[in-house]
1. What would the Debye formula give as log10 I(q)/I(0) at q = 0.13, 0.14 Å⁻¹ for the alpha-carbon point model of the chain, no solvent?
2. Using R₀ = 35 Å, calculate the FRET efficiency as 1/(1 + (r/R₀)^6) where r is the Cβ-Cβ separation of Arg57 and Thr100; round to 0.05.
3. Treating only the Cβ of Lys, Arg, Asp and Glu as charged (+1, +1, -1, -1), what charge dipole size does the range 26-129 show about its Cα centre? Round to the nearest 20 debye.
4. Taking only DSSP H segments of four or more residues, each worth -39500 (n - 2.57), what value at 222 nm results for the chain once the sum is divided by all its residues, to the nearest 500 deg cm²/dmol?
5. Could you sort 23-33, 68-78, 46-56 so that the peptide with the highest average Cβ count within 10 Å comes first and the rest follow in order?
6. Taking all protein chains as present, what is the carbon and sulfur share of the accessible area of the range 1-124, in % to the nearest whole number, probe 1.4 Å?
7. Calculate one ³J(HN,Hα) per residue across the range 31-44 by plugging θ = phi - 60° into the Karplus curve 6.51 cos²θ - 1.76 cosθ + 1.60, and present them in order as whole Hz with x for glycine and proline.
8. Using the heavy atoms of the protein chains alone and a 1.4 angstrom probe, what is the accessible area of the range 1-114 per residue in square angstrom?
Amino acid sequence: MRVAGTAMASTSKRVEKAEKYVQKGKIADALDEYLHAFQEDPSNDSLIEIIAELYLRLNQPKKAIECYGYLFDKRVEQNDGRAALLMFRKMGRLAPPDPTRLLICARFQEKQKPLEARDSYHLCAQLFE
């Protein structure tokens, strides 16, 4: 139990250091600290979202998309449609939609937004062609 507490303390210190780097405009240094913090606490999804935002600030959209994709897949596994759709929208601002993930989103939209689901299925069919 002591080891877990030590890891959390270390992660917390890294996050604090990263936040200071962000305030100073040292985005690459901040990213490095957040990446180390995530290695220490891989269950902390909020770190991945911050990492994605930093990748965007460093003009590395492909890496940001990877982060959002990771979070999207986790949300799908958890059957959290609202959060999955949010991650999908963030990816969609950066690159054309992935048809497989679009299909998953359409399924989540069916009950609450059937017209959007229909449009998503239609777009998905076009992308698969």
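The values are calculated or read from the model by the stated rules, or taken from the named source; none is laboratory data. Bear in mind the structure is a predicted one, so any value in this text is a computation, not a measurement. For neighbour counting, all protein chains shown are included, and Cβ atoms are generated from backbone atoms with ideal geometry for every residue, glycine included. The protein model used for the area step is the full one, side chains on, heavy atoms only, and it has no ligands, DNA or RNA in it. Shrake-Rupley method; radii C 1.70, N 1.55, O 1.52, S 1.80 Å.
1. -0.62, -0.69
2. Between Arg57 and Thr100 the formula returns 0.80.
3. Dipole magnitude for the range 26-129 comes out near 500 debye.
4. Per the formula, -26500 deg cm²/dmol.
5. Most protected by this proxy first, the peptides run 46-56, 68-78, 23-33.
6. 54 percent
7. 4, 4, 5, 5, 5, 5, 4, 5, 4, 6, 9, x, 8, 8
8. 64 Å²
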